[in-house]
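Every number here is computed from the coordinates shown, using simple stated rules; none is lab data. No experiment lies behind these values; they were computed from the predicted model shown. Cβ: placed from backbone, ideal geometry, glycine included. Neighbour counts: every protein chain shown.
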Amino acid sequence: MDDYQSSAGSGALAAFIGAYFLFILVIWVISVAGMWKTFEKAGKPGWAAIIPIYNIIIMLEIVGKPMIWILWLLLPCTNFVFGIWLINLMSKSYGKSEGFTIGLIFLSFIFWPILGFGDAKYLGPSAAEAQNNGFGNNPFNNPNNQFGNQNNPFNNPNDTPPTPPLV
């Protein structure tokens, strides 16, 4: 009966786990460095990239979305949709396309440094709420709104009486 324990197998497992941990740590550091530089390009503190919930708050400020999105990003099932949407708005804020968004989602350790250390410039918030001075869908900033338009003929009463029809 072979009743012995092999330390060679456990040593190999420990080496594999250590190498895996080191690999994941390097990937994380590269991603955080790119996110740090991306935040600094937008005028936000770069150190916010290493704080878990605060980095989402900073991303929401960069893209111009309201803080209620924190709730949607923390709830199960909605967080996938809103997370992808947030990353898309992030790439749009730097003038990138949907293809870059896919890169940020699947290869973030490559695309965050490209966004942070590359030639991409922060163009401003890309969310619709931010385009209306931060007040959501503000009807008073809409030039097609009849009630907020000063040149609306219904707001200028005509003092002359209407002419009677000719018979």
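Couple of notes before you dig in:
- Estimated inter-spin distance, ILE17 and LEU74, nm [label 7 Å along Cα→Cβ]: 3.2 nm
- The range 45-135: trypsin sites (Lys or Arg not before Pro) in DSSP coil with no more than 14 other Cβ atoms inside 10 Å: LYS121
- Peptides 84-90, 22-28, 57-63, 68-74, ordered by how many other C-beta atoms sit within 10 Å of their residues on average, highest first, read 57-63, 84-90, 68-74, 22-28.
- The coefficient of translational diffusion for the range 33-112, derived via Stokes-Einstein from the alpha carbon Kirkwood radius under 37 °C and 0.692 mPa s, stands at 259 µm²/s.
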